[in-house]
Every structure is written in structure tokens, then in C-alpha cells.
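Before any comments, here is the structure.
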Amino acid sequence: MQPPDTRESLTLDDGTVVAIRPIRPADAGIEQEFIARLSPQSRRYRFLSGLKELTPEMLKRFIDVDYPREMALIATVPADGREREIAVARYARGTEPESVEFAVVVADEWQGRGIGPALLARLFAIAREQGFAAIEGVVLHENRAMLALMQRMGFERKVVLDDPGVVHVRKALR
């Protein structure tokens with residue numbers, strides 16, 4: 001299914017205009033470049049592992065989104081005459097029928113500028129529009145910036161007993 005034809009813009013404090021739109025299969029190149037540019041720490045926080053680049057199977061899964069049951073939004077800026085991906089946020093069906101699991105990552109040099117919260121707010125609104133009751137995710141305990149963001153966005157936290165290095169976060173959408 002094709003992604004919804006939605007494109008929004010976000011103007012950062014310094015005047016930079018960031019485009020926010022659904023990811024498309026044609027974005028394979030910028031998605032792979034984006035992941036490769038992330039620091040090892042950012043990749044670990046996002047993938048909970050030492051992943052260095054996306055496998056062909058992962059890349060296909062990330063760009064070939066099953067809309068509307070799933071959603072993936074990317075943030076891009078113009079660079080060298082083309083788009084450069086600087087962040088991605090996505091959700092997919094969760095463990096319960098009416099919930100979705102989310103993930104987000106922002107390029108290291110763009111962190112702390114409001115892109116992550118803006119992407120997540122839009123993603124959560126779409127999930128709510130699609131009828132989902134809750135959104136949840138898993139955050140490494142050491143990822144203090146993400147845990148602080150989850151707290152500001154109203155998420156409940158729960159330590160996973162069988163893996164104390166991980167915090168489960170959950171927020172009702174209704």
C-alpha cells in the first residue's frame with residue numbers, strides 16, 4: 001500500500017526548515033546512508049546492538065512499510081542538491097491488538113534541536129487517528145536523554161525484570 005501523501009515542515013530555532021514525510025521505497029539510499037552516519041552509540045540505542053549497517057532484508061523492511069497498519073516518518077533537509085535524511089520515527093503492531101511499538105533515531109549532529117519530539121508527536125497523532133489505543137517501546141536504561149523525553153511526553157516506565165538494562169515505556173493514546 002502507498003504511504004499517505006502527507007508532507008509537513010518544521011522550522012528549527014536557527015531557521016532551518018526540516019521536511020517531515022512518510023518514507024518510500026525510493027528512499028533506500030538515503031536510509032542506508034543515514035544509518036551508516038550514526039555514531040556507534042546512536043545505533044546501539046536504536047537497535048539495541050552493535051549493528052553497523054542495515055542488511056538488505058532490514059533495509060527492505062524499513063522502506064517497504066505496510067501502510068496504514070505501520071507508519072514510518074523521516075525528517076530530511078536539502079544537502080548537495082538532494083534530500084538528506086536526518087531522523088526517522090516509526091511504529092508497527094505491538095504485543096496487544098490495539099497497541100503499536102515505536103522507535104526513533106535522530107542523527108547525532110541534529111540531536112537536541114526538537115526534531116525527535118516533533119516526529120514522535122506526529123507519529124503518535126497518526127497512530128491515534130488509525131485507532132490504536134497505546135504506543136510502547138523499549139529503551140536502554142543508559143539512554144538517559146530518551147528516557148527524559150519519554151517522561152516529558154507522558155510515558156509510564158517499567159523496568160523489564162528479566163533484562164534490567166532495558167526500560168519498557170508505554171503511553172495511552174486515547
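Which pairs turn up if I take residues in region 31-58 that are farther than 15 Å from ILE74 by Cβ and look for partners that are in a loop (DSSP other than H, G, I, E, B) and aliphatic (A, V, I, L, M) with beta carbon separation below 6 Å, at least 6 apart in sequence or on another chain?
Here the result reads ARG43/LEU51, each pair linking region 31-58 to a residue that is in a loop (DSSP other than H, G, I, E, B) and aliphatic (A, V, I, L, M).
What are the residues in region 44-59 that are in contact with a helix residue (DSSP H, G or I) (Cβ under 8 Å, 6 or more places away or on another chain) and not hydroxyl-bearing (Ser, Thr, Tyr), if any?
Passing the criteria: GLY50, LEU51, LYS52, GLU53, LEU54, LEU59.
So which of LYS158, LYS171 ends up being assigned to a strand (DSSP E or B), in contact with a strand residue (DSSP E or B) (Cβ under 9 Å, 6 or more places away or on another chain), over 23 Å from PHE34 (Cα atoms) and without any contact (Cβ under 8 Å) to a residue 40 or more places away in the chain?
Sole residue among the options that is assigned to a strand (DSSP E or B), in contact with a strand residue (DSSP E or B) (Cβ under 9 Å, 6 or more places away or on another chain), over 23 Å from PHE34 (Cα atoms) and without any contact (Cβ under 8 Å) to a residue 40 or more places away in the chain: LYS158.
Filter region 158-174 down to residues that are basic (Lys, Arg) and at pLDDT below 95 and give me whichever is surrounded by the fewest Cβ atoms within 10 Å (Cβ to Cβ).
So, considering only residues that are basic (Lys, Arg) and at pLDDT below 95, the one surrounded by the fewest Cβ atoms within 10 Å (Cβ to Cβ) is ARG174.
Which condition from (1) touching a strand residue (DSSP E or B) at 6+ places or on another chain (Cβ under 9 Å); (2) modelled with pLDDT under 95; (3) assigned to a loop (DSSP other than H, G, I, E, B) is the one that ARG113 breaks?
(2)
Considering only region 1-43, state which residues are aliphatic (A, V, I, L, M), out of contact with any helix residue (DSSP H, G or I) (no Cβ under 9 Å at 6 or more places or on another chain) and modelled with pLDDT of 95 or more.
VAL17, ALA19, ILE30
Could we say that GLY116 is without any contact (Cβ under 8 Å) to a residue 60 or more places away in the chain and within 14 Å of the chain's Cα centre (by Cα) here? Walk me through it before giving the result.
Details: without any contact (Cβ under 8 Å) to a residue 60 or more places away in the chain: yes; within 14 Å of the chain's Cα centre (by Cα): yes.
Here the answer is yes, as GLY116 does meet what is asked.
Go through ALA125, ALA92 for me and flag whichever is among the aliphatic types (A, V, I, L, M) and either more than 30 Å from ALA26 (Cα to Cα) or assigned to a strand (DSSP E or B) (or both).
After ruling out the rest, the residue left standing is ALA92.
The values are calculated or read from the model by the stated rules, or taken from the named source; none is laboratory data. Keep in mind that what you see is a predicted model, and the values were worked out from it rather than measured. For neighbour counting, all protein chains shown are included, and Cβ atoms are generated from backbone atoms with ideal geometry for every residue, glycine included.
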